[in-house]
Amino acid sequence: GSFKLSYYNEYKSYLSMLFLAYLLILVYSPVGEAKARAIWAVNCGGDGHRGVDGVLYNADTSDAGVASDHGVHHVPILARVHPQDRIIYQTERYSFENFGYKIPVHKNGEYVLTLKFSEVYFGSANQKVFDIWLNKQPVIVGLDIFSKVGYGTAHDEYVQFKIKDNSLLIGDYKLNFNGELEVEFIKTQYDNPKVNAIVLYEGTIKDVPQLPPLEKPSEDEVIQDDVIHEEESAEEVAERNRVIQEKQKAAAAHKKVSRPKKANPYEDNGPQYWPILISIGIFLPTVILLYNKQRSA
């Protein structure tokens with residue numbers, strides 16, 4: 001009788017600890033912070049990467065244009081982004097002509113295409129300006145990353161659309177859809193189009209992870225920035241653009257790009273697996289304890 005009572009108490013204690021571990025998982029696990037589900041993602045111009053929000057970015061296998069890690073070497077610290085995700089804003093793909101990516105989508109529903117950018121080369125506005133099309137429909141016109149957020153700062157653009165019965169619905173536009181989404185970056189007279197990363201979410205804009213608000217520069221910074229731009233002559237701008245174009249042509253000819261150490265897509269330096277480890281830590285000793293108690297009895 002005493003053994004049964006002792007075994008019953010041990011069993012209750014075991015269930016209590018498992019319930020506590022379950023509560024820890026619910027409270028501390030980051031899963032569920034974003035309701036939208038990433039169904040496709042690529043780290044443009046770079047290797048595979050798992051984002052701090054759990055999104056798994058594929059390595060970029062495109063051969064369009066030039067894959068560049070210029071930002072890795074020249075902008076080691078990017079504003080407005082978690083340190084773990086800096087790499088997806090430091091590598092990029094750009095081209096001297098229009099280029100794009102094709103994404104398979106076979107399910108009706110609401111979607112958000114998140115396009116990630118950062119300006120790591122130019123130091124003023126109106127130097128790199130380009131358009132973005134979705135299945136030949138312009139969705140972003142005249143994107144100037146520097147004008148939006150400045151130099152070395154993460155910036156995301158969001159394109160909402162729906163798929164319904166072989167139709168692609170973008171705002172008021174209804175396009176025929178054959179199961180393939182094509183996002184294109186369109187060259188203008190101002191330098192070359194580029195993109196740092198792309199994520200396709202199934203869900204609505206309110207469910208998609210978004211960057212924190214942009215910090216506004218102080219009044220002194222704005223004044224100094226204006227002075228610097230005013231002091232640059234037209235001849236200096238032309239010469240700088242000529243040097244830039246020569247460097248870009250040389251890069252395109254060789255297509256030799258140094259890359260950071262390949263990231264493990266399944267590596268996670270954050271705390272998101274702690275609750276699971278805690279559960280295992282509680283479960284295994286409890287089972288061993290109960291087993292030993294039963295043998296000794």
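Assorted remarks:
- Any hit, region 188-208, residues being over 24 Å from the mean Cα position of the chain (by Cα), among the hydrophobic types (A, V, I, L, M, F, W, C) and either open to solvent by 80 Å² or more (accessible area, probe 1.4 Å) or at pLDDT 95 or above (or both): no
- Hey, residue 21 buried (at least 16 other Cβ atoms within 10 Å of the Cβ), more than 30 Å from residue 212 (Cβ to Cβ) and at pLDDT below 65 or not: yes
- Among residues of region 69-87, those that are aliphatic (A, V, I, L, M) and part of a loop (DSSP other than H, G, I, E, B), counted: 4
- Of all residues in region 40-91, those being open to solvent by 10 Å² or more (accessible area, probe 1.4 Å) and aromatic (Phe, Trp, Tyr) number 1.
- Filter result (part of a loop (DSSP other than H, G, I, E, B), open to solvent by 40 Å² or more (accessible area, probe 1.4 Å) and more than 23 Å from residue 35 (Cα to Cα)) within region 103-139: 121, 123, 126, 136
- Set 148, 174: member being part of a strand (DSSP E or B), open to solvent by 10 Å² or more (accessible area, probe 1.4 Å) and basic (Lys, Arg): 174
- Taken over region 150-173, the criterion of being under 24 Å from the mean Cα position of the chain (by Cα) and farther than 22 Å from residue 206 by Cα is satisfied by 150, 151, 152, 153.
The values are calculated or read from the model by the stated rules, or taken from the named source; none is laboratory data. For clarity, every value in this text was computed on a predicted model and none was experimentally measured. Heads up, the Cβs are rebuilt from the backbone with ideal geometry, glycines too, and the neighbour counts pull from every protein chain shown. What goes into the accessible areas is simple: the full protein's heavy atoms, side chains included, and nothing from ligands, DNA or RNA. Shrake-Rupley method; radii C 1.70, N 1.55, O 1.52, S 1.80 Å.
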